[in-house]
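The values are calculated or read from the model by the stated rules, or taken from the named source; none is laboratory data. What you see is a predicted model, and the numbers here were worked out from it, not measured in a lab. Counting neighbours? That spans all protein chains shown, and the Cβs are built from the backbone with ideal geometry, glycine included. To get the accessible areas, we keep the full protein, side chains included, count just its heavy atoms, and leave off ligands, DNA and RNA. Shrake-Rupley method; radii C 1.70, N 1.55, O 1.52, S 1.80 Å.
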Amino acid sequence: VQLQASGGGLVTAGGSLRLSCAVSGLIRSINAMGWYRQAPGKQRELVAAITSGGNTNYADSVKGRFTISRDNAKNTVYLQMNSLKPADTAVYYCNVEEVGPLALHYWGQGTLVTVSS
């Protein structure tokens, strides 16, 4: 199973970025998809998640600024990030939950987002 994340980079505060994560190699279908982030010296935290039915969940710190979406035909999840702040600087990881009794989770390699003030 491979999760290929892309779209990170350097942006000034107030700017926007769009992250993408394409999933390949899964045998079963995908249930939930999500984005996590980890800033230096901090624990990894959930940023946003989306179920197979399209229900979404966001961290309070990104509500109103970030939007998660998915393309089931392409097994891809996106994170549109607007009004970025220096506090959003982190490595962003995509995560998917596989349908099945074990509900296995898979992680992408991470993509760095740096927001300068």
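Structure summary
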quantity: Test: residue in the stretch 89-112 that is in a loop (DSSP other than H, G, I, E, B), touching a strand residue (DSSP E or B) at 6+ places or on another chain (Cβ under 9 Å) and at pLDDT 95 or above; calculated: yes
quantity: Matching residues, the stretch 13-25, being touching a residue at least 40 places away in the same chain (Cβ under 8 Å), assigned to a loop (DSSP other than H, G, I, E, B) and either more than 28 Å from Ser116 (Cβ to Cβ) or not hydroxyl-bearing (Ser, Thr, Tyr) (or both); calculated: Ala13, Gly14, Gly15
quantity: Scan of the stretch 5-40 for residues that are at pLDDT 95 or above and basic (Lys, Arg), ordered by number; calculated: Arg18, Arg37
quantity: Matching residues, the stretch 88-101, being under 19 Å from Ile50 (Cα atoms) and open to solvent by 60 Å² or more (accessible area, probe 1.4 Å); calculated: Val99
quantity: Strands (runs of 3 or more DSSP E) within the stretch 26-87 that include 3 or more residues touching a residue at least 12 places away in the same chain (Cβ under 8 Å), open to solvent by less than 60 Å² (accessible area, probe 1.4 Å) and closer than 17 Å to His105 by Cβ; calculated: 30-38, 45-50
quantity: Hits in the stretch 1-25 (condition: open to solvent by 80 Å² or more (accessible area, probe 1.4 Å) and either farther than 13 Å from Glu98 by Cβ or basic (Lys, Arg) (or both)); calculated: Gln2, Gln4, Leu10, Thr12, Arg18
